[in-house]
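Here is the structure we will look at, set down as structure tokens.
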């Protein structure tokens, strides 16, 4: 029985194959499933162009995934990659479609995942960067895409972050500044980007925060005034910006002088 004579249970999208041709259930390699209620045109079908119907088919029959690794339609292969066993999944590592390789990257064991660190498509490499073991992430620190490098900086072992402290992108260096330890953090206080220096101002040890009290960028000085000690706050009362001056005064008024407690205790 030809599928076009059936109502599309999946909605207004007609049940046609990946080339737009009418589905022919009788010619399907899984025709016997139809008789057993294992599939339904317009709802659950391996031959349908609509990815949701294909996905529904393989969710019901994951054991059939290995048999469709070379299907001509990339959507089918991408869905199959979610269900194929790991031994067969490796056959899709070199798939010509990035959607398929993205699905593969979500499941590959670490050793095989390394084969995708130089994938030509950024979305695949982004997925790899999120899944790769931290000790292997330095392999991707020179990636051409800043977003990939940002993920690497977010996940790489802190002891290795110095390798990325001079990255060409401000966002990557800001990510480095979020996690890098002293004294490397101190070196970033002189970074050319205010985005990076603002992060440094949030993390720099208080005795060193004076390095940024005269920063050219208002946002950096604002971060300084939120954390600074009394000496720096007094200097910031003369800041060129009225909001910085006001914040410095407000913090000074709320600080309790450490000497007062000591004088009381030692009488």
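Conditions (1) surrounded by fewer than 23 Cβ atoms within 10 Å (Cβ to Cβ); (2) touching a strand residue (DSSP E or B) at 6+ places or on another chain (Cβ under 9 Å); (3) within 20 Å of residue 107 (Cα to Cα), marked per residue:
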| position | (1), (2), (3) |
| --- | --- |
| 40 | yes, no, no |
| 45 | no, no, no |
| 48 | no, yes, no |
| 60 | yes, yes, yes |
| 65 | yes, no, yes |
| 72 | yes, no, no |
| 84 | no, no, yes |
| 90 | yes, no, yes |
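The single condition among (1) surrounded by fewer than 16 Cβ atoms within 10 Å (Cβ to Cβ); (2) more than 30 Å from residue 122 (Cβ to Cβ) that residue 144 does not meet is (2). The single condition among (1) assigned to a loop (DSSP other than H, G, I, E, B); (2) within 17 Å of residue 68 (Cα to Cα) that residue 108 does not meet is (2). On inspection, residue 134 fails the criterion of being over 17 Å from the mean Cα position of the chain (by Cα) and surrounded by fewer than 20 Cβ atoms within 10 Å (Cβ to Cβ). The set of residues in the range 94-114 that are without any contact (Cβ under 8 Å) to a residue 24 or more places away in the chain, surrounded by 16 or more Cβ atoms within 10 Å (Cβ to Cβ) and within 21 Å of the chain's Cα centre (by Cα) comprises 101, 104, 108, 113.
Going by what's in this entry, would residue 29 be described as over 23 Å from residue 122 (Cβ atoms) and at pLDDT 95 or above? Before the answer, list the steps.
Numbers: over 23 Å from residue 122 (Cβ atoms): yes; at pLDDT 95 or above: no.
In short, no.
If only residues of the range 187-213 that are out of contact with any helix residue (DSSP H, G or I) (no Cβ under 8 Å at 6 or more places or on another chain) and not in a helix (DSSP H, G or I) are counted, the one that is farthest from residue 241 (Cα to Cα) is 205.
The values are calculated or read from the model by the stated rules, or taken from the named source; none is laboratory data. None of the values given here were measured: they were computed from a predicted structure. We place every Cβ from the backbone using ideal geometry, glycine too, and count neighbours over all the protein chains shown.
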